[in-house]
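The values are calculated or read from the model by the stated rules, or taken from the named source; none is laboratory data. Remember, it's a predicted structure, so these values are computed and weren't measured experimentally. Cβ coordinates were reconstructed from backbone atoms using ideal geometry, including for glycine residues, and neighbour counts include every protein chain displayed.
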Amino acid sequence: MDTYMIRQPIMNEKHKLDAYEIIYQQDSSSLYNPQDSKIATAILSFLSHLDKSNFLEGKVAFLTIPPNLLMQNVPHLFDEKKLVIQIEENVLISAEGCQILRRYKNQGFKLALLDFEFNKRYLDILPFVDFMKIDFSNPDDKNIETKINIAHQYNMKTIAYNVDTLAALEKVTQLNFDFFQGNSVAEMVRSKVHKAEHLQSNFFRLIAAISHEHPDFDQIASIISLDVTLTFSLLRVVNSAYFALPNQVKDVKQALTVLGVGQLRHWIYLLSFSSEEGLSEELIKISFLRATFCQELSRSIQNFPLSLSEVYLLGMFSTLDILLKVPMEDAVAELSIDNRVKEALIHKTGVCSDLLDICLAYEQGKWNKVGKLANTLSIPIPVIAQKYFESVEYVNETWKDISQPFQGN
């Protein structure tokens, strides 16, 4: 049996990462069949590994747990302060289900109600719920404000989910939700305004310089030296715990030498965007994750035509239009990257498009599409799930290391 799983960011009202929802599914099987011991075993195994990994970066996990696993005390695999149990209608059908939830609440776990219906079984549980999650797939739904009022009457925090468009995000802001989430943070922060001046900036010159097959260190050092924030960020990275150098690096050229060509694109891309005011850290990490995930999956595709470094840029540059606030065609026009990468990014066609598509489909939890693309690319589903998990852990560990100064002698 194949297990799909992703983590979806839950952002607070300041657009900062606050928690993750863990979303998983088993092919065509039902997660709610109490007789299916194989499903229960698979989920139990996954959750056991999840809490021991760096998959959640120490953040709180929102998790929908099937009734049969609630009865098996699965939530106790987690620290009660790190788990929010999501409640769906199937849990509230019986009096026994409500009693189980009250027990978990008394044990210190928090509860999140996935939407709300006007009937008795929902009303009975409201005093015990900490979060109400409200569906925003239709931002014009007239019941949304009523549900918000009910949540406030019971002192619940409100979470908007399925916030997948700019219009939905704007309404979430207007209604003062405490948190929001959607299929892709990248899609949620897309700007209406195309700021073409970014393409003429020092910022874009750096991106263009690192896209060459053989980057010119002198040129890159010159560009970075013109920007105090880039200079500071670069030196901070090379002097971080990740590199653990015996002596501090104080020169831009020396820092670039430490990075080397192999990691140059990787680090400078992150540095350049992280220095931009107002950009979401989570969006930058999504770029990093897509690059790593694409690269790892490409290893499993026989005779894939791109090099690993080119595949890395395919994933990394998939958010370039959003970060630069220009159409993708303009964003990549002047970059020295393979035309097949450009075709995939701009037109969603060509030999590289399926690889990028399967990464995005998995990220967004579009399981049927993942299955079809997995067949097309001849990648086993367990390999995709494992590579995603490993990529998330790698990105988390790397991010943590570059944000911590190295305490050397």
- Message: Among the residues that make up segment 67-80, is at least one of them among the aliphatic types (A, V, I, L, M) and within 30 Å of LYS171 (Cβ to Cβ)?
- Response: no
- Query: Do we find that PHE304 is modelled with pLDDT of 90 or more and either crowded, with 21+ Cβ neighbours inside 10 Å or within 23 Å of ASN54 (Cβ to Cβ) (or both) in this structure?
  - Reply: no
- Task: Determine, yes or no, whether VAL193 is in contact with a helix residue (DSSP H, G or I) (Cβ under 9 Å, 6 or more places away or on another chain) and either at pLDDT 85 or above or β-branched (Val, Ile, Thr) (or both).
- Result: no
- Message: Which condition from (1) farther than 26 Å from ILE286 by Cβ; (2) buried (at least 17 other Cβ atoms within 10 Å of the Cβ); (3) small (Gly, Ala, Ser); (4) at pLDDT below 75 is the one that SER233 breaks?
- Response: (1)
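Return yes or no: is GLY350 within 17 Å of ILE6 (Cβ to Cβ), at pLDDT below 90 and among the small types (Gly, Ala, Ser)?
Working: within 17 Å of ILE6 (Cβ to Cβ): no; at pLDDT below 90: yes; among the small types (Gly, Ala, Ser): yes.
Taking the combined requirement at face value, the residue does not satisfy it.
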- Item | 2 or more residues of a type in the set (S, T, N, Q): qualifying helices (runs of 4 or more DSSP H) within segment 303-409 | 367-377, 381-402
- Item | Selection within segment 332-347 - among the hydrophobic types (A, V, I, L, M, F, W, C) and touching a residue at least 40 places away in the same chain (Cβ under 8 Å) | LEU335, ILE337
- Those residues of segment 236-289 which are aromatic (Phe, Trp, Tyr), crowded, with 21+ Cβ neighbours inside 10 Å and modelled with pLDDT of 65 or more amount to TRP267, PHE288
- Select from segment 320-342 the residues that are surrounded by 16 or more Cβ atoms within 10 Å (Cβ to Cβ) and acidic (Asp, Glu) and list them in ascending order. ASP321, ASP330, ASP338
- Answer yes or no: is there a residue in segment 319-330 that is under 16 Å from HIS214 (Cα atoms), among the aliphatic types (A, V, I, L, M) and at pLDDT 85 or above. no
- crowded, with 19+ Cβ neighbours inside 10 Å, in contact (Cβ under 8 Å) with a residue 12 or more places away in the chain and closer than 22 Å to GLU390 by Cβ: does that describe LEU355? yes
- Task: Being hydroxyl-bearing (Ser, Thr, Tyr) and surrounded by 17 or more Cβ atoms within 10 Å (Cβ to Cβ) is the filter; apply it to segment 118-159 and report the residue that is nearest to GLU80 (Cα to Cα).
- Result: THR158
